[in-house]
Amino acid sequence: MDRIFSGVQPSGNMTLGNYLGAIRNWVKLQDDYESIFCVVDMHAITVWQDPDDLRRATREVAAGMLAAGVDPKKNIIFNQSNVSAHAELGWVLNCVARLGWLNRMTQFKEKAGKHKENASCGLYVYPNLMAADILLYKATHVPVGDDQKQHLELARDIAQKFNNDFGKEVFPLPDPMIFGTATRVMSLRDGSKKMSKSDPSEYARIGMTDDADAIAKKIRKAKTDPHPIPDNVDGFEDRLEAKNLMNIYGALNDMKLEDVCAEYGGQSFADFKKALTDLAVAKLSPISEEMKRYMDDPAQIDAILRDGAERANAIAQPVLDEVKDVVGFLRP
Ligand code: TYM
């Protein structure tokens, strides 16, 4: 049976990129797949997290999934550290993945920056834990934004090597699902950089809890160029910031980029930014209000996560047992 697994790190405030690139697609897929959505707190601690902030952000990411429309009855929503099989399978996969494979991971290079020697060991083996997340549920499909493509290719390589090494088709090779008009939402300050929770500038991103004023201010200050809006998709060339804002508009309004060009081509950015602000506020404020409602009732979020962890564990444990048997671990 087709099964989805996907996750978001609670490593800061959830962004419009997380919503448009991932969570919104999950909502569209939830009727057609058995789906498991995870707040990956174990991934988050690969870089320093203040413990109180981590608790808050874990609830906030769960609230974001719920507020966006992920149904916790139909799907499983849980936080990773509550199902210990992730760590256990992660270790086995650490012993399957090769150093050479991890050395090619561009996200480690970006996150570790110039001080590689100072990065945590967890950050280095992060993609192995991500493979464990997916394979623990024998997930067949993984809906993510474009930035996770390389990690998913690695997850497939790890699954294949495990199956080959032990001569048994234990894991299906998971298929990435990267779709929609906003697979890569860029920073509002620099159109060549991904919009990210960890960008030092608040003005680089729209957060899912931003209120109407904050959204308006960030869009007003978003970088553009002196030319009018292009009237066709070939008119962007190196106008990365213009393309990004128009892509965001298209994604929020379920329109193709070419249709956004047709509607706003020739106009000034000042007018377009006003339209984008109105649209963003109209689409995002119901979600941010619902997130706030959940955040005011942490016991409700915790109950959903607890129930999700129990149901996730019921799927994960037999798979972990199978892996232990295949590997040769004695289970007396
Ligand atoms: P994370 O927390 O960075 O992002 C969560 C999801 O949001 C997508 N995303 C974006 N999409 C479009 N534009 C952007 N600017 C943007 N920023 C983030 C990401 O592609 C992702 O789908 N390693 C993962 C979390 C993870 C995971 C997993 C995902 C852990 N285990 C297993 C899938 C399956 C991450 O750091 O996502």
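Figures for the structure shown
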item: Which listed residue, of Val142, Val83, is under 28 Å from Leu305 (Cβ atoms) and in contact with a Pro (Cβ under 8 Å, 6 or more places away or on another chain); result: Val142
item: Helices (runs of 4 or more DSSP H) contained in region 7-72 and holding at least 1 residues touching a Pro at 6+ places or on another chain (Cβ under 8 Å) and farther than 17 Å from Val144 by Cβ; result: 41-44, 51-68
item: Where Gly266 falls short, out of the listed (1) part of a helix (DSSP H, G or I); (2) touching a residue at least 12 places away in the same chain (Cβ under 8 Å); result: (1)
item: Criterion: part of a helix (DSSP H, G or I), assigned by TED's automatic domain parsing to the domain that holds Glu88, without any contact (Cβ under 8 Å) to a residue 40 or more places away in the chain and surrounded by 13 or more Cβ atoms within 10 Å (Cβ to Cβ) - qualifying residue of Asp302, Asp278, Asp321; result: Asp321
item: Tally, over region 195-244, of residues that are in a loop (DSSP other than H, G, I, E, B), within 20 Å of the chain's Cα centre (by Cα) and touching a residue at least 40 places away in the same chain (Cβ under 8 Å); result: 9
item: The lone exception for Ala216 - which of (1) within 30 Å of Arg98 (Cβ to Cβ); (2) hydrophobic (A, V, I, L, M, F, W, C); (3) open to solvent by 10 Å² or more (accessible area, probe 1.4 Å); (4) out of contact with any strand residue (DSSP E or B) (no Cβ under 8 Å at 6 or more places or on another chain) it fails; result: (1)
item: Within region 50-61, considering residues that are in contact (Cβ under 8 Å) with a residue 12 or more places away in the chain and away from the ligand (no atom under 13 Å from the Cβ), the one nearest to Ser288 (Cα to Cα); result: Arg59
item: Residues of region 13-49 satisfying the condition of being within 9 Å of the ligand (Cβ to nearest atom) and small (Gly, Ala, Ser); result: Gly17, Gly21, Ala22, Ala44
item: Which numbered condition Leu257 fails, given (1) modelled with pLDDT of 95 or more; (2) buried (at least 17 other Cβ atoms within 10 Å of the Cβ); result: (1)
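The values are calculated or read from the model by the stated rules, or taken from the named source; none is laboratory data. This is a predicted model, so every value here is computed, not measured. Counting neighbours? That spans all protein chains shown, and the Cβs are built from the backbone with ideal geometry, glycine included. Side chains included, ligands, DNA and RNA excluded: accessible areas come from the protein's heavy atoms. Shrake-Rupley method; radii C 1.70, N 1.55, O 1.52, S 1.80 Å.
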